[in-house]
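Below is the structure I would like to discuss, written out as structure tokens.
The values are calculated or read from the model by the stated rules, or taken from the named source; none is laboratory data. In this text the structure is predicted, and so the values were computed from the model without any measurement. Reconstructed Cβ throughout: ideal geometry from the backbone, glycine too, with neighbour counts over all protein chains shown.
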């Protein structure tokens, strides 16, 4: 049970960690977008301030102060158009603007061009190189021409986006490192969970192996003790019966060993089934015969009421036999003087079997948990069973694999009734 709790805790830890990682990634992307918008806004402010300084120094506007909304147009993110009333000397204008860019720490290249409205074309153009220029020797670009009814100066920044991104390099690198760390953490968690899953699978295999072989070995031991008694020779029928029990249980052990070895080398998350059509009533009788030495050892009795002759089902015979034996063994184990009643009937498409005992019963609070792996019934601080808590869990797995169902009706001190429903087709 502790292993199961740790496994659930680990799964919840992985889920919580995944959610946290997703939130962190989302926040990082959000902040990168926000930083980009802030850098872009700051770039626009600096360019605007530089253009204002240029207008003031060269007196390019006849009405004095620059009205940015009217006199400057951002036609595309990379190109600023300054409306002018006169054509300035390009060399002096580019020199002044280069100084303005340096003052405002805008260190990216710019193509400065003068458009004459009367000629409807650029009459002068000059490339302003800056320390953080991204233009290679063979890099070519053309300043876009926008035909206007007025003359203007075009300030075209061909590498504006790249420059803004380079201003964010610290944020980008730190986010990338954080993302790599989170990916590594996620991979480590997945690897840890995978190793945990393999470890539990291995333990389950060993425990199921132990549990499946325990009952047949107990039956063989009882039968062997009976055969070891010299008086058995005087009862040939009983001698034959117990000899057949030993042969049957030995064959069963061999078959189960082969099947479990197959399971051990596969990665099935559910039990692999080998279905066949057989008489379930006959199989129940076989399970009773196998468990009978344990019943006789405790001076118990067992009655069977086959309520239907339509008892053929399509299922895995070995696993269904194991399910019946597990329930019967528990009925014997938890009763002082076992009185077991088996009844079969058909309900819709299901072949149903009820197994009732006169044992200690199960408290209602624990009835939902008895099919959990490693769960053992407790009264106070005392475990009533010395087993691994795997028997009923294995029966539940068998029923789930067959798309069947197992339920329990019980009262503390009043015995238990287990109802098994198996689809017939």
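Taking segment 169-189, which residues are more than 11 Å from residue 21 (Cβ to Cβ) and in contact with a helix residue (DSSP H, G or I) (Cβ under 8 Å, 6 or more places away or on another chain)?
Result: 171, 172, 175.
How many residues are farther than 17 Å from residue 112 by Cβ and assigned to a helix (DSSP H, G or I) when one looks only at segment 138-170?
The number of residues fulfilling the criteria is 8.
Now for a different question. Residue 370 is checked against (1) in a loop (DSSP other than H, G, I, E, B); (2) over 41 Å from the mean Cα position of the chain (by Cα); (3) under 21 Å from residue 394 (Cα atoms) and fails just one. What number does that condition carry?
(2)
Something else about it: Specify which of the listed residues (327, 320, 362, 342) is in contact (Cβ under 8 Å) with a residue 60 or more places away in the chain and over 17 Å from residue 403 (Cβ atoms).
Values: 320 fails: over 17 Å from residue 403 (Cβ atoms); 362 fails: in contact (Cβ under 8 Å) with a residue 60 or more places away in the chain; 342 fails: in contact (Cβ under 8 Å) with a residue 60 or more places away in the chain.
Being in contact (Cβ under 8 Å) with a residue 60 or more places away in the chain and over 17 Å from residue 403 (Cβ atoms) holds for just one of 327, 320, 362, 342, which is 327.
A follow-up question, please. If you go through segment 335-356 one residue at a time, do you hit one that is surrounded by fewer than 16 Cβ atoms within 10 Å (Cβ to Cβ) and assigned to a helix (DSSP H, G or I)?
No, segment 335-356 has no match at all.
Could I ask something else about it? Considering 79, 129, 103, which residue is buried (at least 17 other Cβ atoms within 10 Å of the Cβ) and within 57 Å of the chain's Cα centre (by Cα)?
Result: 79 is the single residue among 79, 129, 103 that is buried (at least 17 other Cβ atoms within 10 Å of the Cβ) and within 57 Å of the chain's Cα centre (by Cα).
Need the failing condition index for residue 364 against (1) at pLDDT below 85; (2) in contact with a helix residue (DSSP H, G or I) (Cβ under 7 Å, 6 or more places away or on another chain), just the number.
(2)
Quick grid of which residues meet (1) over 24 Å from residue 145 (Cα atoms); (2) at pLDDT 85 or above:
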position: 6; (1), (2): yes, no
position: 19; (1), (2): yes, no
position: 27; (1), (2): yes, no
position: 34; (1), (2): yes, yes
position: 58; (1), (2): no, no
position: 66; (1), (2): no, no
position: 85; (1), (2): no, no
position: 89; (1), (2): no, yes
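Follow-up. Of everything in segment 135-149 that's loosely packed, with under 14 Cβ neighbours inside 10 Å and within 53 Å of the chain's Cα centre (by Cα), which residue is modelled with the highest pLDDT?
That would be 144.
Can I ask one more? Check 326, 301 and return the single one that is in the same structural domain as residue 354 (by TED's automatic domain parsing) and within 45 Å of the chain's Cα centre (by Cα).
Being in the same structural domain as residue 354 (by TED's automatic domain parsing) and within 45 Å of the chain's Cα centre (by Cα) holds for just one of 326, 301, which is 326.
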